[in-house]
Structures are given as C-alpha cells and as structure tokens.
Amino acid sequence: STPELRKERSRDAARCRRSRETEVFYQLAHTLPFARGVSAHLDKASIMRLTISYLRVHRLLAAGTWAAAAEEVDVCYARALSGFLMVLSDGGDMIFLSENVSRLLGLGQLELIGHSVFDFVHPCDHEELHDALSPRHVLSKGQAVTSHYRFLAKRGGFLWAQTQATVIANSRSAQPEGIVCLHFVL
C-alpha cells in the first residue's frame with residue numbers, strides 16, 4: 001500500500017541522512033588537533049563545541065592579534081609553571097587552555113574548552129570575576145589582576161585561584177577579540 005511504502009522510504013531516507021551526518025562528524029572529529037584516541041570518543045555536541053573553539057583560536061591567530069599579546073605572554077611563561085594559560089572569547093568562553101590545566105585542576109582541556117569560564121567558578125565569585133575580566137575593564141587598564149576566587153576542581157570542591165588578564169585586540173580595528181589569562185592556583 002502507498003502510505004506504508006511512503007513511510008518506509010521516509011525511514012530509509014532518514015537513516016541515510018543520519019549515516020551521512022555521523023560520517024561528517026567522524027571526519028570533523030579527526031580533523032581537530034587532538035590525539036586520535038581522544039577524538040574517537042567525543043560525542044557530537046563535544047565535537048561541535050571543540051570545533052567552534054578551534055575556529056575562534058584560528059581566527060585570532062590568522063588576524064595577527066596574538067602577536068600583540070605574545071610578548072606579555074612570553075614574560076608570563078616562567079610564572080605559568082604554577083598556573084595555567086587560558087584564552088577567553090570576549091563572551092567568556094574558554095577557547096584555549098594549556099595542557100597543565102589537568103594537573104592543577106584535575107579537569108582536562110577537552111572538558112573545559114568551549115564552555116564558559118563562569119560554569120567553573122563559584123557562583124558567589126561570578127560578578128566580581130565578570131567585572132575584572134570584562135574587555136572594557138582590561139582595556140582601560142591594559143592588564144587586570146583579579147582578587148582571589150574559587151575555581152571548580154574535579155576532585156570535588158573548589159580551589160582558590162587568581163588571574164592576570166590581558167586583552168587580545170584585532171590589529172586592524174583595535175576591537176577586543178579575546179582575553180589571555182594566566183591563572184594561578186593558590
């Protein structure tokens with residue numbers, strides 16, 4: 001009968017679309033700059049979240065905006081051994097984290113990248129951290145150092161941290177595109 005045949009064709013077409021979509025996600029996951037073993041275990045939402053973060057970092061690097069902050073970042077590398085490096089979008093999303101974040105917080109790069117930094121900060125510290133890390137505040141001062149705040153740790157509870165932040169501005173338009181943060185676990 002015609003309605004049953006139509007339903008069967010519709011199911012087959014949907015199955016085919018899902019199969020193509022899964023293949024595209026598989027290819028996208030393996031295009032990301034992560035170890036193959038890691039990319040094979042990502043769900044679709046994680047693949048999209050990490051891809052968006054990767055594209056944001058790539059845009060910053062391609063626009064030459066990283067070079068403006070590179071000198072200041074180089075000075076901080078020695079101090080970064082007791083902390084970790086994070087690049088935030090102007091909206092507060094973590095788009096890059098140094099690998100040592102997992103040693104300090106117990107949370108891996110892939111667990112954090114693409115999420116808002118405020119998802120991992122104690123709710124009582126949100127407003128103060130938001131004000132301290134706003135591009136307008138950091139731009140007006142050139143750099144900002146936060147007061148102590150609580151950052152979520154995998155082992156349960158929170159660790160006290162402090163952040164030194166520098167804005168990454170577009171070299172052509174001087175508009176803020178991100179914030180380089182050096183987080184120190186206290």
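Values in this text are rule-based calculations from the coordinates and carry no lab data. If you're wondering where the values come from, they're calculated on a predicted model, not measured in any experiment. We place every Cβ from the backbone using ideal geometry, glycine too, and count neighbours over all the protein chains shown.
For Lys154, go through the lysines and keep the ones whose alpha-carbon is under 30 Å away, minus same-chain ones fewer than eight residues off.
Lys44
Tell me which of Ala14, Thr31, His115 sits at the most positive position along the dipole axis of the chain, charges placed on C-beta atoms (Lys, Arg +1; Asp, Glu -1).
So the residue we want is Ala14.
Describe numerically, in nm with one decimal, the distance between label points set 7 Å from Cα along Cα→Cβ at Gln162 and at Thr31.
4.3
If exposed trypsin sites (Lys or Arg not before Pro) are those in a DSSP loop with at most 10 other Cβ within 10 Å, what is the longest stretch of the chain that has none?
1-154
Arg172 versus Arg11, label points 7 Å from Cα toward the beta carbon: distance in nm?
Taking the simple label geometry, Arg172 and Arg11 are separated by 5.3 nm.
Under the definition of Cα pairs under 8 Å and six or more residues apart, what whole-number percent is the relative contact order of the chain?
Answer for the chain is 20 percent.
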